[in-house]
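Each remark here refers to the structure printed beneath this line.
The values are calculated or read from the model by the stated rules, or taken from the named source; none is laboratory data. The structure presented is a predicted model; accordingly, all values stated were derived computationally and were not measured. A quick note on method: Cβ atoms are made from the backbone with ideal geometry, for glycine too, and the neighbour counts reach across all protein chains shown. Protein only, heavy atoms only, side chains kept; ligands, DNA and RNA dropped before computing areas. Shrake-Rupley method; radii C 1.70, N 1.55, O 1.52, S 1.80 Å.
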Amino acid sequence: MKKRDVKSYSKLLALLLATASVGSTITGCGQGENTEEVMSEVIPVEVQNPEMGKLTLKNEFMGTISPQESVYVMPMVSAEVLSTDISVGDKVEAGQTLCKLDSEAAELQLASAQAQYDSVAASVNSAQVGYEVAQAQYEGTVAQLDAQLGGQKNLQLYQLQTQVDNIQGGIDDLNQQIADLEEDKKDAKDKKDELKDAKNKANTYLELAYAKYEDAKAKVTALEPNDYNSLFGSGGTYEGKKEEYEYDLERAKEELAAAKSTYEQAQATASATESAYQQVKDGIESIEDGKEQLEESLADTYKSKEQAEAAFNITAEQIYSDTQKVVDANKKTAALGVDSAAASVNAAQVGMEGAQVAIDSAEYQLDMYTLTAPISGVIEAVNVEAHDYASPGNPAFVISNKDTMTITFYVSEGIRNTLYVGQKVQADRNGKLYDAAITEIGSMIDQATGLFAVKACVNAPDESLLTGCSVKVIAETYSQDNALLIPYDAVYYDDSQPYVYVAVNNIVERRDIETGIFDENTMTVMSGLTAEDQLITSWSANLRDGAEISILTDEQTAETAMVPEGTSEEDSAATEDALTASEE
């Protein structure tokens, strides 16, 4: 079975022209009857190569327009409507007054609650004054008891504490003196070490000076003359040697004098260093003796402090303990009056809080007699007029925010799985298109329709999008990319098996294919066909597997473009009959 009933006029005309051309050629050549019958079996066809591309399907759904936000203004009380100046179509702002109800009863209730509050507030002030009086009496009693008990005790304890503090001051002074002596001792030891080093250096210098002095002394002794004749003899050279010898002797005596002076200075330095070292050493011993005396004084002072603290504790804990118990009991008795007055203040404050709650409740009730707009928007319905009787449960006004409108439409599960939040769709209202975007995809089947609800938002609505009106929603659903695309009319079906005809060396070859998605013009092929195949796109009653064909040229195909528009299906059928007759 072919999946078509009426073929296009252009294809039939092309076939007719091709057939007529073939018949004329045969007649002109003067061929016999058998030759003409063979030639008429050659089927002229149009072919094209499948193309790789993308096919996206668009589905249309019926949707309903509704505001994104719509509220019912319900009266909370039953009362007479005093006034309303709101009409359907008016734009209102959030908080704007819509109408007023008769609130006389609520005003009387608020006045009564305010009077009750004022009365309780006066009671609170009175109780507060009583509390302040009780507090003053308690403080006077406590002061008197403390004066009676504490005067002598405090004086004695003060004297004992002063004694303890003075002793502690002496202890602190002794500790400071000991610390100072330790510091002096440390400094003296450092000085002692320095003098010890100096003394050792002075002794070393003294030894060196003494050795030098002895050397010079020995040299002078060796040069001291005894008998020049025995040293130099007599003769012409005697006088010259004598002068040279005396000169050396004089130099030796000068070196002896210098060495002696250096030695004496070294002796003086060593003696002074030794004396200073001994003084520092004696000073350290004196510091240690003083520290020992201070430590003995400190131990005695600690004993004095322990005695003074013991006397203080005995006085504080034992002598006045019994008297203190009596005083504490009298204080507790005096405090009971303060507690009683405080309880009265608390009770009065609780009453005032209750009266405040009554005022808040009355004010809340009074607010119910003025109906205000909870949102900004357009009045969709007005159900009350002046002197009507408003009651709870009956909406007085309906307000919609139409800055953004919502379209609700329903889809099957398969299409639902192709949609996504944020996807762009179009809404068609009487031929006018509006851009929209999907904002919500239902996850539960609607019991009334058996489908899934989908919502889309129209961001730029106008007055033609009325609440509750129907629109057509156009959305892209199924899509195949990088698919093999062929004309929808080129596909045939044998029961449920789709197939196409391809031209192979001017012979028709049937190809079974696996199809994908399709629209009214195009279908995708999943398998059975390649982009190199010559797909036969024209139709013929004699088209079959193995038939001989001739492929129409582009010029022959172009001649069909001259056919006038508006050709009816009857004309197409007549042309097809003519083609059949010509073939016969």
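Odds and ends about this structure:
- Residue identified as among the charged types (D, E, K, R) and more than 30 Å from Met62 (Cβ to Cβ) among Glu476, Glu520, Glu555: Glu555
- Considering each residue of segment 283-294 in turn, at least one proves to be free of Cβ contacts under 8 Å to residues at least 60 places away in the same chain and of a type in the set (S, T, N, Q).
- For Val357: the one exception among (1) closer than 25 Å to Val88 by Cβ; (2) of a type in the set (A, V, I, L, M, F, W, C); (3) not in a loop (DSSP other than H, G, I, E, B): (1)
- Qualifying residue in segment 268-275 (condition: at pLDDT 80 or above, surrounded by fewer than 15 Cβ atoms within 10 Å (Cβ to Cβ), in contact with a helix residue (DSSP H, G or I) (Cβ under 9 Å, 6 or more places away or on another chain) and among the small types (Gly, Ala, Ser)): yes
- In segment 460-512, the qualifying residues are those that are open to solvent by 40 Å² or more (accessible area, probe 1.4 Å) and aliphatic (A, V, I, L, M), and the one that is nearest to Pro44 (Cα to Cα) is Ile507.
- Selection status of Val88, part of a loop (DSSP other than H, G, I, E, B), touching a strand residue (DSSP E or B) at 6+ places or on another chain (Cβ under 7 Å) and aliphatic (A, V, I, L, M): yes
- Exactly one residue out of Val73, Val142, Val92 is touching a Gly at 6+ places or on another chain (Cβ under 8 Å) and among the aliphatic types (A, V, I, L, M): that is Val92.
- Within segment 535-549, the residues that satisfy the criterion of being surrounded by 15 or more Cβ atoms within 10 Å (Cβ to Cβ) and closer than 11 Å to Pro44 by Cβ are Ile536, Ser538, Ser540, Leu543, Ile549.
- Condition broken by Glu509, with the remaining ones in (1) at pLDDT 95 or above; (2) within 30 Å of Thr56 (Cβ to Cβ); (3) of a type in the set (D, E, K, R) satisfied: (2)
- Of the listed requirements (1) at pLDDT below 85; (2) surrounded by 13 or more Cβ atoms within 10 Å (Cβ to Cβ), Gln109 misses just one: (1).
- Residue within segment 542-555 that is part of a helix (DSSP H, G or I) and not polar (S, T, N, Q) present: yes
- Test: residue in segment 42-49 that is under 60 Å from the mean Cα position of the chain (by Cα) and either at pLDDT 50 or above or of a type in the set (D, E, K, R) (or both): yes
- Close Cβ contacts (under 7 Å, 6 or more residues apart or on different chains) running from residues in segment 171-192 that are more than 12 Å from Glu288 (Cα to Cα) and open to solvent by 70 Å² or more (accessible area, probe 1.4 Å) to residues that are assigned to a helix (DSSP H, G or I) and hydroxyl-bearing (Ser, Thr, Tyr) are absent.
- Residue match in segment 53-76 (condition: over 30 Å from Asn542 (Cα atoms), out of contact with any strand residue (DSSP E or B) (no Cβ under 7 Å at 6 or more places or on another chain) and outside any strand (DSSP E or B)): yes
- Residues being over 28 Å from Glu93 (Cβ atoms), within 37 Å of the chain's Cα centre (by Cα) and open to solvent by 30 Å² or more (accessible area, probe 1.4 Å) - total across segment 399-434: 8
- Scanning segment 374-385 for residues that are under 17 Å from Asp85 (Cα atoms) and open to solvent by less than 50 Å² (accessible area, probe 1.4 Å) yields Ser376, Gly377, Val378, Ile379, Ala381, Val382, Val384.
- Glu520 being in contact (Cβ under 8 Å) with a residue 60 or more places away in the chain and exposed (fewer than 12 other Cβ atoms within 10 Å of the Cβ): no
- Some residue of segment 361-373 being surrounded by 16 or more Cβ atoms within 10 Å (Cβ to Cβ) and farther than 30 Å from Ser103 by Cβ: no
- Per the conditions (1) surrounded by fewer than 16 Cβ atoms within 10 Å (Cβ to Cβ); (2) within 30 Å of Asp118 (Cα to Cα), the sole criterion not satisfied by Glu285 is (2).
- Test set (1) charged (D, E, K, R); (2) within 30 Å of Gln128 (Cβ to Cβ); (3) modelled with pLDDT of 90 or more - Glu363 fails condition number: (3)
- Filtering segment 420-473 to residues that are of a type in the set (Asp, Glu), in contact with a Phe, Trp or Tyr (Cβ under 9 Å, 6 or more places away or on another chain) and outside any strand (DSSP E or B) leaves Asp446, Asp462.
- Segment 80-93 residues that are among the acidic types (Asp, Glu), paired with ones that are outside any strand (DSSP E or B) and open to solvent by 90 Å² or more (accessible area, probe 1.4 Å) (beta carbon under 9 Å, 6 or more apart): Glu80/His387
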